[in-house]
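Below: one structure, written as structure tokens.
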Amino acid sequence: MSRAVLVTGSSRGIGRAIAQAFAALGDRVAVHYGTRQEAAEATLASLPGEGHVAVQADLADPGQVRRLVDSAAEELGALNVLVNNAGVFLAHPPLDTSYEDWQESWSSTLATNLMGAANATFCAIPHLTAAGGGAVVNVSSRGAFRGEPNCPAYGASKAGMNAFGQSMAVALASRGITVGTVAPGFVQTEMAREVLDGPGGEAVRQQSPFGRVARTEEVASAVVWLTSEGAKFSTGTIIDVNGASYLRS
């Protein structure tokens with residue numbers, strides 16, 4: 001049966017691959033974007049099937065988040081799955097950043113990566129409940145576990161997302177809503193191209209015994225599995241998609 005799926009930050013990269021993976025299953029997808037309307041329209045055009053829509057919102061604005069979730073549910077006719085994928089990655093090394101820039105980086109990062117996901121989940125609960133249950137999947141990061149010395153707010157926001165997801169898994173189980181998290185390492189995306197194509201790219205690839213970084217479709221596959229019937233009893237789990245580049249106990 002076709003599901004209604006909202007994927008935040010799906011105009012490109014991992015989010016685009018996630019949207020495409022759901023559409024390939026016959027699901028209807030709401031492609032969210034912040035400022036990249038043309039990229040979102042390109043994603044929309046790439047999706048197989050019918051009934052897909054594009055929706056815009058600044059996830060750092062709580063009012064826009066509510067409008068986003070309600071609009072997606074209205075345009076799709078329901079909401080069965082929410083994927084919190086959108087995020088920002090701002091460099092602010094503590095030994096080489098002004099106090100003003102430090103404050104701005106933390107505020108912007110937490111507002112989008114953590115509060116945006118938390119607010120979207122909160123606003124999605126009534127829609128998921130009305131649909132008889134559903135799934136929320138958060139896209140976190142390897143950086144939540146191993147640290148991000150040049151982008152500490154990013155690492156902290158993703159660690160917060162992990163804890164938030166596990167809290168929601170317990171809180172929402174009675175509503176038939178599962179909550180899972182996927183934590184990728186480096187992924188072959190446009191955002192990562194500068195690093196991967198640069199002088200340090202080979203060292204990044206060699207962090208994994210496979211000698212490469214993840215493909216976007218590999219992250220999407222894990223996300224889709226967490227929304228499946230067979231994954232229900234895995235609610236609260238965090239799946240690493242990093243090619244054994246970082247192992248945690």
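Taking a quarter of the surface of the Cα convex hull of the stretch 3-145 gives a mean projected area of 9.0 nm². Taking Cα atoms only, the orientation of helix 216-226 departs from the longest principal axis of the chain by about 50 degrees. Expressed as an acute angle from 0 to 90° and rounded to the nearest 10, what is the orientation of the C-alpha long axis of helix 62-76 relative to the principal long axis of the chain? Once rounded, one gets 50 degrees. Each Lys and Arg adds +1 at its Cβ and each Asp and Glu adds -1 at its Cβ; summed about the Cα centre, the chain shows a dipole of about 740 debye. Anisotropy class assigned to the stretch 88-246 is oblate, per the alpha carbon gyration tensor with a/c at or over the 1.5 cut-off and a/b no larger than b/c. Working from Cα pairs under 8 Å separated by at least six residues, relative contact order for the stretch 187-249 is 35 percent.
Identify which of 73, 42, 19 has the largest mean-square fluctuation in a Gaussian network model of the chain, with springs joining Cα atoms closer than 10 Å. Highest fluctuation of the listed residues: 42. For the stretch 13-23, 3J(HN,Hα) computed residue by residue from phi via the Karplus equation (6.51, -1.76, 1.60; θ = phi - 60°) reads x, 4, x, 4, 4, 5, 4, 5, 5, 5, 4 Hz, glycine and proline entered as x.
Suppose only helical runs count, i.e. DSSP H with n ≥ 4. What mean residue ellipticity at 222 nm does that imply for the chain under -39500 (n - 2.57) per run, divided by all residues and rounded to the nearest 500 deg cm²/dmol? Computed mean residue ellipticity for the chain: -13500 deg cm²/dmol. You can think of it this way: the chain between residue 146 and residue 97 has 15.5 nm of extra reach, that is 0.36 nm per residue less the Cα-Cα gap.
Figure the gain on full extension for residue 61 and residue 194 (residue separation times 0.36 nm, minus the Cα-Cα span) and round it to one decimal in nm.
Working: separation 133, 0.36 × 133 = 47.88 nm, distance 2.95 nm.
Length gained, residue 61 through residue 194: 44.9 nm.
For the stretch 147-249, the dipole from Cβ point charges (+1 on Lys and Arg, -1 on Asp and Glu) about the Cα centre works out to 300 debye, to the nearest 20.
Computed over the alpha carbons of the stretch 16-81, Rg followed by Dmax gives 11.5, 32 Å. Considering every alpha-carbon pair of the stretch 152-227, the percent of pairs per 10 Å bin, from zero through the bin containing the longest distance, is 17, 35, 32, 13, 3, 0. Counting only alpha carbon atoms, the long axis of helix 99-109 and the longest principal axis of the chain meet at about 30°. Overall dimensions of the stretch 130-180, expressed as equivalent-ellipsoid semi-axes from the Cα gyration tensor (√(5λ), whole Å, largest first), are 28, 9, 7.
Note on residue 89 and residue 229: their simple-model spin labels are 3.7 nm apart, each label 7 Å out from Cα toward Cβ.
We did not get these values from a lab; they are worked out from the coordinates using the rules stated. Here the structure is a predicted model, which means the values were calculated and not measured. Reconstructed Cβ throughout: ideal geometry from the backbone, glycine too, with neighbour counts over all protein chains shown.
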